[in-house]
Amino acid sequence: MPMEPRSIAQLSVLLQAGALDPVALVEETLAAIEAYADVSLFTVLLKERAKAEAEASRRRMREGRSLGVLDGVPIAWKDLFDIRGLPTTAGSSVLKGSEPASEDAAVVQALAGAGMVSVGRVNMSEFAFSGLGINPHYGTPRSPASPMGEHRIPGGSSSGSGVAVAAGLVPVSIGTDTGGSVRIPAAFNGIVGYKATRGRYSMKGVFPLAKSLDALGPLCRTVQDAIWVDAAMRGLPSTDAPRPGVAGLSFVIPETVFFDGAEPEVVAAFEAAIARLTKAGARVRREAFPEFSAIFDLMAKHGALVTAEAFVLHRARIKGAAAAEMDPRVVKRTLLGEKITLADYLETLAARDRLIASFEERLGPDSILISPTLPHVAPQIQPLLDDEDLFFQVNGKTLRNTLIGNFLDWCGVSLPCGTGAAGMPVGLLLSGPRNSDGRVLAAAATVERLLR
């Protein structure tokens with residue numbers, strides 16, 4: 001049985017007060033992971049490292065030298081962060097024999113420096129190239145919110161991160177987000193997912209997908225947890241979440257793209273959340289954003305940035321013997337990048353700069369975009385495995401809302417805001433322009449408090 005889900009804040013209070021021993025916590029965590037029925041969740045457990053880090057935390061606590069609120073708290077890592085002494089496999093079997101990492105990724109080092117205890121690496125879509133989380137090599141984690149007898153997808157590409165937190169096995173897991181890969185599994189699994197502005201953290205030691213779009217962020221249980229982890233990943237001391245009043249918040253609901261084909265239950269859950277915000281005094285307006293449609297027009301004309309950059313990254317693999325060992329859906333999608341010319345790529349980058357400027361002017365300096373994270377709840381896995389056309393159709397729709405934020409260089413926080421079809425979680429997404437992370441996180445903390 002999984003442990004009762006606990007946030008970083010809940011664990012921290014117990015650890016700092018001496019009511020919970022870091023070694024006992026890590027032993028309980030590892031035991032719960034090993035007893036968990038879904039064996040596709042973790043790709044590797046770091047037992048020796050976790051116990052050594054927990055013992056070091058215990059010594060600090062006993063000697064009055066705590067490193068802060070994160071000291072002794074367990075954490076899991078998506079399978080594309082370098083961990084010293086291990087190959088970085090990125091959810092793929094073709095990298096199992098690659099050279100072991102000589103050092104931890106920079107953000108792994110940063111959170112170890114804050115006293116966090118790394119317990120393992122978690123599953124993901126192969127090479128992070130899918131929003132659904134299906135992985136034929138390591139298995140596909142099942143969303144813990146799935147109705148009895150059903151296997152609903154976890155969302156990707158940070159699939160294991162979303163499930164590990166939702167199942168209560170760890171309070172936080174760090175993922176990457178190139179087209180929605182933190183926010184999608186957060187929404188599908190009913191937890192918090194924060195995609196930081198691209199470049200907010202060091203990418204050293206992180207296996208890339210598309211460097212012009214890649215961003216990092218935590219999947220966790222509360223916005224406060226995300227704020228603490230964000231500070232530590234930047235080498236800063238942890239702070240309490242600012243709590244602006246609801247009446248001081250100004251939101252814009254996009255009337256373009258985000259609601260197209262959305263499930264009625266998703267829209268109902270979102271509108272119920274909006275009603276609570278407006279009743280509490282938040283200012284909300286609705287507006288069309290032609291920039292959003294323009295992104296998809298660009299992709300239709302020139303191809304997608306992520307596809308172009310993924311093709312360059314993986315060209316040798318998908319043109320060689322390794323392709324036979326890869327997920328054929330990943331190979332097929334990556335090969336689309338071969339058709340994208342340099343002129344296409346450069347025209348897309350130039351248009352991107354124009355659209356970013358246009359969006360930021362239209363949004364205004366004091367507003368935050370508020371929308372459904374996804375247009376649908378997590379679907380069942382079997383139809384997606386049985387029908388390749390359906391797989392690509394659902395993958396495209398799943399990524400549609402969130403990829404807008406990557407293209408326009410937003411930061412964003414997905415929060416649970418109710419349930420939709422089959423009782424599955426629905427996510428509400430707060431998004432802001434690049435480098436507005438502090439303001440978006442503060443607003444998310446206020447919205448979270450109201451919705452919960």
### Task
Output the residues belonging to region 26-46 that are free of Cβ contacts under 8 Å to residues at least 40 places away in the same chain and more than 19 Å from A166 (Cα to Cα).
E27
### Message
Looking only at region 388-425, filter to residues that are without any contact (Cβ under 8 Å) to a residue 60 or more places away in the chain and of a type in the set (D, E, K, R); which one of those is least open to solvent (accessible area, probe 1.4 Å)?
### Response
E388
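For (1) among the small types (G, A, S); (2) modelled with pLDDT of 95 or more; (3) within 15 Å of the chain's Cα centre (by Cα), each residue gets a yes or a no:
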position	(1), (2), (3)
G139	yes, yes, no
G155	yes, yes, yes
T178	no, yes, yes
G193	yes, yes, yes
S202	yes, yes, no
K211	no, yes, no
V229	no, yes, yes
### Task
May I ask you to say which residue of K51, K96, K47 is open to solvent by 10 Å² or more (accessible area, probe 1.4 Å) and out of contact with any strand residue (DSSP E or B) (no Cβ under 9 Å at 6 or more places or on another chain)?
K96
### Identity of the residue in region 350-387, acidic (D, E) and over 20 Å from E263 (Cβ atoms), that ends up least open to solvent (accessible area, probe 1.4 Å)
E360
#### Entry: Residues of region 131-180 that turn out to be in contact with a strand residue (DSSP E or B) (Cβ under 6 Å, 6 or more places away or on another chain) and either of a type in the set (S, T, N, Q) or in a helix (DSSP H, G or I) (or both), as a count
10
### Residue, farthest from A101 (Cα to Cα), within region 207-222, restricted to residues that are aliphatic (A, V, I, L, M) and buried (at least 24 other Cβ atoms within 10 Å of the Cβ)
L219
### Summary
Condition set assigned to a loop (DSSP other than H, G, I, E, B) and open to solvent by less than 70 Å² (accessible area, probe 1.4 Å), scope region 265-323, selection nearest to S358 (Cα to Cα): answer is F289
### Task
Tell me, yes or no, whether region 89-98 has at least one residue that is charged (D, E, K, R), touching a helix residue (DSSP H, G or I) at 6+ places or on another chain (Cβ under 7 Å) and free of Cβ contacts under 8 Å to residues at least 60 places away in the same chain.
no
### Query
Tell me, which residue of region 237-261 that is in a loop (DSSP other than H, G, I, E, B) and free of Cβ contacts under 8 Å to residues at least 60 places away in the same chain is least open to solvent (accessible area, probe 1.4 Å)?
T256
### Message
If A112 satisfies all but one of (1) assigned to a loop (DSSP other than H, G, I, E, B); (2) open to solvent by 10 Å² or more (accessible area, probe 1.4 Å); (3) modelled with pLDDT of 95 or more, what's the number of the condition it fails?
### Response
(1)
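The values are calculated or read from the model by the stated rules, or taken from the named source; none is laboratory data. It should be emphasised that the depicted structure is a prediction, and the values quoted were computed from it without experimental measurement. No Cβ is skipped: glycine too gets one built from the backbone with ideal geometry, and neighbour counts run over all protein chains shown. Quick note on the areas: whole protein, heavy atoms, side chains included, nothing else; ligands and nucleic acids left out. Shrake-Rupley method; radii C 1.70, N 1.55, O 1.52, S 1.80 Å.
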